[in-house]
Amino acid sequence: MTRAQRRVRTQVAVVGAGPAGLVLANVLLRAGVGVAVVERRSRAEVERRARAGLVEHRIVEYLRAHGLADRLLAEGTRHGWCDFLCSGRLLRFDYGAQSGGVRHWVYPQQLLVRDLIADLHEAGHTPEFSLPATRVHVDGAGPARVECAGLDIDCDYVVGCDGPHGVTPQALPPEAAPHDGLPGTGPAPPGGLDERYPYDWLTLLAEVDRGVPGVVYAVHEDGFAGVMPRTSRIARLYLEIPAGDATARWTAPRVHERLRTRLVGAGAAVPRLGRILETGVLRMRSSVRRRFQHGRLFLAGDAAHVLTPSGAKGMNLAVADAADLADALIRRYRYGDEAHLDGYTSRRLPEVLRTRDLAAGFLDLLHPQGRHPADRRAELALRLERMRELAEPGAAGAAFAHWYVGAGPELPVPHTSAPREPTP
Ligand code: FAD
């Protein structure tokens, strides 16, 4: 330790200021639990990092009940249907109706992150930005510790919310490596829980002449294309590309041409696309750790599990992990309840595995050529039938709708304030 090294003591040290870390820190702080948050990137960087946009109903209810959703409720929009497009045939899936009137909120992740940082500041804490954690110590006697350049945080517990490549997942023992099945959670997809798909997605942010009214999932002989609402001027787009393809190969004219081909027949659901503002490649994989905890270290969000964006579940699961862990830590400090904290993995893992399986099934629906390139037309016809089954009122559509929109299970209620009235 250098002489300039600062040393602070708190109850819970949180590594990473994404949705998981910020929700956890806000809820703990409001319940009187001491927290310290460190974040590798600058505040400006995390507040402009555009990723998710579809927020589940139950997540919004949780944030609202904790007083963390004021701007989301004021500025977000609600969406309850999506279009399936299969080789030019359009099927509207009214998942809001099929789930009993429950709808998504559309609110860009970077705006939620911005709001949660402001909420945290208001509650008396500002994360240490531009300060990567370099090591965590959770074994042995004495307090746990997070080491950063120039700062050591001694604490009772470390919560790793630093994504899959952060330092906290590295502190787990090898037996917590990605999981290949849990009794009673249904069959794992081929290849176990560390799954690499035979295609990637090009991820784009593009200008639009008006807001996207509903998500479009287009399956075409040429490949998959997706259009997601974000704001009245910007849409998130996905384009299936060969696995390993480089972003540089996807010039704007080529992207526009492929979108035109794959979105033929989408009609009014796709506004006129303008300038492409951001292009990236998402290597399509999912990975779930066997354990989300080790001693006094707990992992939440992408640090514990990474799913493909097919069901738009990553950020939602991250907040659901944070909600469970916040509840368990508050019980620990209020009532000395260690057992509930110890049960964190066993409560969260089944839901994560179930979500992983459903997202994998949805991905299969959207990628016929990924599995059977020789039989593409027959596979497309089969996909159209499966889409029809979802879109028509019935058990299959209702089950999928509940999962997709996040109609349940409910997340822990606040310990601090009385629940507010639910959103109609
Ligand atoms: P992150 O948001 O990744 O936050 C982790 C933080 O930890 C980062 O700020 C990082 O800088 C910081 N960090 C890393 N290492 C360190 C260190 N050593 N020290 C300190 N800090 C560190 N999910 C949905 O639910 N719905 C969607 O519609 C959706 N769409 C998506 C679209 C795209 C293109 C992508 C890429 C993802 C999408 N997701 C979606 C997934 C979602 O964005 C992630 O699952 C979510 O960000 C996970 O939140 P998190 O807090 O666990 O991790």
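Just so you know, all these numbers are worked out from the coordinates, no wet-lab data involved. A quick note: this is a predicted structure, and the numbers were derived from the prediction, not measured. Virtual Cβ from ideal backbone geometry, glycine too; neighbours counted across all protein chains shown.
Values for this structure:
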item	result
Distant-in-sequence amide H partners of Asp152 (H built 1.01 Å from N, under 5 Å)	Arg6, Arg7, Val8
Between segment 33-97 and segment 214-287, the Cα center-to-center distance that results, in Å	19 Å
Spin-label pair Arg6/Ser130, simplified geometry with 7 Å Cα→Cβ offset, distance in nm	1.4 nm
Cα pair distances of the chain binned at 20 Å [whole percent]	26, 57, 16, 0
Where a label projected 7 Å from the Cα of Glu45 along Cα→Cβ would reach, residues of segment 108-132 with amide N under 14 Å	128-132
Burial order of peptide ranges 31-38, 115-122, 138-145 (average beta-carbon count within 10 Å, highest first)	31-38, 115-122, 138-145
Phi-based couplings in Hz for segment 222-227 (Karplus 6.51, -1.76, 1.60; Gly and Pro marked x)	6, x, 8, 9, x, 10
Residues Arg196 and Arg334, FRET efficiency given R0 of 35 Å [Cβ-Cβ distance, rounded to 0.05]	0.20
Stretchable slack from Arg285 to Ala378, in nm (0.36 nm times residue separation minus alpha-carbon distance)	30.9 nm
Unit charges on C-beta of K, R, D, E only; dipole of the chain, Debye	760 debye
Counting all C-alpha pairs of segment 187-280, share separated by more than 20 Å (%)	37 percent
Principal semi-axes in Å for segment 212-364 [√(5λ), Cα gyration tensor, largest first]	39, 16, 14
Glu351 versus Ala252: modelled label distance in nm, points set 7 Å from Cα along the beta carbon direction	4.2 nm
